[in-house]
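Below: one structure, written as structure tokens.
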Amino acid sequence: MQILSGQPMQSISGSGLPNSHQALLKNQHLLSGRVALLGVASEHLLPELPFTGLAMSEHAGVFRSLARHEGWQACFGYDDPALTEGSYDSIVVFLPKARAELEMRLALARSLASHNAQLILVGEKKEGIAGAIKQLKAAAPQAYKEDSARHCQVWCAQTIDPAPGYRVQEWLTWGTAECAGVSVEVAGLPGIFSQDGLDNGTRMLLETLEKQPVRANRLLDFACGAGVIGAWLQAWQAESKAAVASVDGVDVQSQAVICARETYQRNGATGEIVASDGLASIDDLWPGIVSNPPFHTGVKTDTSMTEQFLQDVKRHLQPGGELRLVANSFLPYESLIKRHIGRVERLREDGRFTVYRAFRGL
């Protein structure tokens, strides 16, 4: 699966940055020495800072944009080999959406800390910065609030205790996903959608794959998450004495890519798992594509990722290839699939979820 380079983004001023990034700029005087930024959400923060350092994002698109900035070491997620222990004097932690992910991010920060390093936590009030302080003080009891700005709080802890030996694998949890009598073990990390079990939408999709299989020897699972679909499908095919299809996976999030690879390894599944922000940066063709795409950004409904996927997917389907997609029934995907792929049918629906099938024309 070839990954193409993305297109450059247009620069914006600091006022266009997320509130947490603006709050950091207002308090950049706190930073000194070698600087690491964990959880960067916008590449446009970097030119606003008068220094360089390490910038980590768990979002594949943001990571690729960070890599374009000379002097900055861009890192993708929690297992990037460039995350060097004991190397940074000021570590900035931007508050993640999932509370459990903050604990993992703080552990990474302490592993990066040099002797007498300082830790700075920045987050919006609406995202739960007040509740996150307890977690911060568990790692750094001396932390204090430095500032309130841009609807955010900025907390600082001087001379934190370094904690070397960080390994993201130590944060892995394992669960079981069962459908149609076939079970697979599934890896989980903080911040992964439906980490706690097989969600109803994916279950419905898997049930249609059992009753009405996709006729393809190679599939792509778009927004693959922890790799449930590919691992389960191959296990079901093997148990049914059917030909086992290789299932590649694509996801935008670091934790998902890590978990999918671990899930595949644990279950003996085959396929390439890659990080990509949608399909625009991928150059490959498949005879079948399946997906249970996300539709939330934080607490808001956001179908933009799936709409972009449907615009791009046709050029990744072989002629005659099938798209199989499950979505919440209230979302307007049927018309979008018809517009971008062709004739679409509903394989199954229950009022909450609908499984769609469409074929690319020959």
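When its C-alpha radius of gyration is set against 2.2 N^0.38 Å (N residues), the chain gives a value of 1.05. Could you pull out the pairs from Lys211/Lys241; Lys26/Lys137; Lys125/Lys145; Lys241/Lys314; Lys26/Lys97 whose alpha carbons sit more than 19 Å apart here? Beyond 19 Å: Lys26/Lys137; Lys241/Lys314; Lys26/Lys97. Once backbone amide H atoms are built at 1.01 Å from N, Trp286 has Leu317, Gln318 as its partners under 5 Å, excluding neighbours fewer than 5 places away on the same chain. Projected onto planes of every orientation and averaged, the convex hull of the alpha-carbon atoms in region 224-362 covers 8.8 nm². Here region 32-172 is assigned +1 on the Cβ of each Lys and Arg and -1 on the Cβ of each Asp and Glu. Its dipole about the Cα centre then comes out at about 360 debye. Loop-located trypsin sites (Lys or Arg not before Pro) across region 214-250 with a Cβ neighbour count of 16 or fewer within 10 Å are Arg215, Lys241, with loop assigned by DSSP. How many percent of the accessible area of the chain is carbon or sulfur, using a 1.4 Å probe? The computed percentage sits at 48. Relative to the longest principal axis of the Cα atoms of the chain, the long axis of helix 304-313 lies at roughly 50 degrees. Against the main long axis of the alpha-carbon atoms of the chain, helix 254-267 sits at an angle near 50°. For a straight C-alpha distance cut-off of 17 angstrom, the aspartates and glutamates reachable from Lys338 (same-chain residues fewer than eight places away being disregarded) are Glu307, Asp312, Glu322.
Rounded to 0.05, the FRET efficiency of the Lys314 and Thr270 pair, given R0 = 30 Å and the Cβ-Cβ distance, is 0.70. Listed peptides 57-63, 227-233 appear in the order 227-233, 57-63 once ranked by packing, highest mean of other Cβ atoms within 10 Å at the front.
Note on region 52-87 and region 167-226: Cα centroid distance 28 Å, given to the nearest whole angstrom.
For Ala74, the shell of other residues with beta-carbons less than 13 Å away shows a net charge of -2, using +1 for Lys and Arg and -1 for Asp and Glu. Look at the Cα gyration tensor of region 166-214: its axes a ≥ b ≥ c give a/c of at least 1.5 with a/b over b/c, and that counts as prolate. Ordering Leu325, Ala180, Gln73 by Cα displacement along the dipole of the chain toward the positive end leaves Leu325 in first place; charges were set at the Cβ atoms of Lys, Arg (+1) and Asp, Glu (-1). Counting every C-alpha pair in region 99-206, the share spaced more than 20 angstrom apart comes to 53%. Its alpha carbons considered, region 74-144 gives a radius of gyration followed by a Dmax of 12.0, 33 Å. Remark: the chain carries 44 Å² of accessible area per residue (probe radius 1.4 Å; ligands, DNA and RNA excluded). Restricting the GluC sites (Glu not before Pro) of region 201-299 to loop positions (DSSP other than H, G, I, E, B) with no more than 14 neighbouring Cβ atoms within 10 Å leaves Glu272.
Taking trypsin sites (Lys or Arg not before Pro) across region 325-358, the ones in a DSSP loop with at most 15 further Cβ atoms lying within 10 angstrom of their Cβ are Arg343, Arg352. In region 224-268, the ratio of gyration radius to Kirkwood radius, Rg to Rh, stands at 1.01 when only Cα atoms are counted.
The values are calculated or read from the model by the stated rules, or taken from the named source; none is laboratory data. No experiment lies behind these values; they were computed from the predicted model shown. Ideal geometry is used to build each Cβ from the backbone, glycine not excepted, and the neighbour counts take in all protein chains shown. Accessible surface areas use protein heavy atoms only, side chains included; no ligands, DNA or RNA. Shrake-Rupley method; radii C 1.70, N 1.55, O 1.52, S 1.80 Å.
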